[in-house]
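Chemist: Before I ask anything, here is the structure I am working with.
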Amino acid sequence: MPEHHAKDACDLLDADHLAVKHLFVEYARLAHAPGAEAGRDRGAIALRICDELTVHAQIEEEIFYPAVREAVPGAADVVAEAEQEHGQAKALIARIRDAGSAGPAMDQLVADLARAIEDHVKVERDELFPKARAAPGLDLAALAQRLAQGQQSAMEATTEA
């Protein structure tokens, strides 16, 4: 995950979205490159995508979504939709991890995950983040600090596993 110097929690989460989008683009580029090395690199990038999205989902579910749900009464439906999208992403992540090595099956799964994440990001950017930013009682700067700490702890746990 990128090192964050975010202004608020939405900026931090959106920086993650952008970083993962770059990984998806790199994966797609390598999927069209010849040679065994491109296959090895694709597999590594796919696992990195999975790790980063797993951590991102974890901090959203444990920190961001509960804070938004509490501070923004009208956000419950959008948060529920985002959590449902996380479930779909987690299922694809599990299938990518199970795929083993890069190949046509993994390429399709990564493409499916990229589309799912793109849809998820749109919901957050268009609906959830504006609601969070408009909430008078939600301290998004403090929330960004909590998210960054949670992200660091989760990444450390992921690399130790």
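Chemist: Quickly run through region 20-62 and pick out the residues that are among the aliphatic types (A, V, I, L, M), farther than 17 Å from Ala157 by Cα and under 18 Å from the mean Cα position of the chain (by Cα).
Modeler: Hits for region 20-62 are Val20, Leu23, Val25, Ala28, Ala44, Ile45, Ala46.
Chemist: Could you give me the residue pairs with C-beta distances under 7 Å whose first residue belongs to region 15-32 and is over 15 Å from Val55 (Cα atoms), whose second residue is part of a helix (DSSP H, G or I) and of a type in the set (Gly, Ala, Ser) wherever it lies, and which are 6+ apart or on separate chains?
Modeler: Close Cβ pairs (under 7 Å, with a partner that is part of a helix (DSSP H, G or I) and of a type in the set (Gly, Ala, Ser)) amount to Phe24/Ala114; Tyr27/Ala46; Leu30/Ala38.
Chemist: Taking only pairs six or more apart or across chains, which ones have beta-carbon atoms under 6 Å, a first residue in region 125-152 that is touching a residue at least 40 places away in the same chain (Cβ under 8 Å), and a second residue that is among the charged types (D, E, K, R) and outside any helix (DSSP H, G or I)?
Modeler: Within 6 Å, the pairs are Leu140/Asp8; Ala141/Asp8; Ala144/Asp8.
Chemist: On to the next question. Return yes when Gly103 is surrounded by fewer than 16 Cβ atoms within 10 Å (Cβ to Cβ) and not charged (D, E, K, R) and no when it is not.
Modeler: It is true that Gly103 is surrounded by fewer than 16 Cβ atoms within 10 Å (Cβ to Cβ) and not charged (D, E, K, R).
Chemist: Also, quick follow-up: Checking Val68 against (1) aliphatic (A, V, I, L, M); (2) modelled with pLDDT of 95 or more; (3) more than 19 Å from Arg146 (Cα to Cα): exactly one of these is not met. Which one?
Modeler: Unmet for Val68, out of (1) aliphatic (A, V, I, L, M); (2) modelled with pLDDT of 95 or more; (3) more than 19 Å from Arg146 (Cα to Cα): (3).
Chemist: Given the residues Ala132, Ala94, which is the only one that is surrounded by fewer than 17 Cβ atoms within 10 Å (Cβ to Cβ), of a type outside the set (Phe, Trp, Tyr) and at pLDDT 95 or above?
Modeler: One residue alone meets the criteria, Ala94.
Chemist: Do the conditions hold for Gln84, that is, is it loosely packed, with under 14 Cβ neighbours inside 10 Å and at pLDDT 95 or above?
Modeler: It is true that Gln84 is loosely packed, with under 14 Cβ neighbours inside 10 Å and at pLDDT 95 or above.
Chemist: Quick check on this structure: which one of Arg69, Arg48, Arg40 is surrounded by fewer than 19 Cβ atoms within 10 Å (Cβ to Cβ) and without any contact (Cβ under 8 Å) to a residue 24 or more places away in the chain?
Modeler: Arg69
Chemist: Val55 - would you say it is touching a residue at least 12 places away in the same chain (Cβ under 8 Å) and either among the charged types (D, E, K, R) or closer than 25 Å to Gly137 by Cβ (or both)?
Modeler: no
Chemist: Within 14 Å of Leu13 (Cα to Cα), at pLDDT 95 or above, of a type in the set (Val, Ile, Thr) and surrounded by fewer than 21 Cβ atoms within 10 Å (Cβ to Cβ): is that true of Ile63 in this structure?
Modeler: The answer is yes for Ile63.
The values are calculated or read from the model by the stated rules, or taken from the named source; none is laboratory data. Here the structure is a predicted model, which is why all the values come from computation and not from measurement. Backbone-built Cβ (ideal geometry, glycine too); neighbour counts: all protein chains shown.
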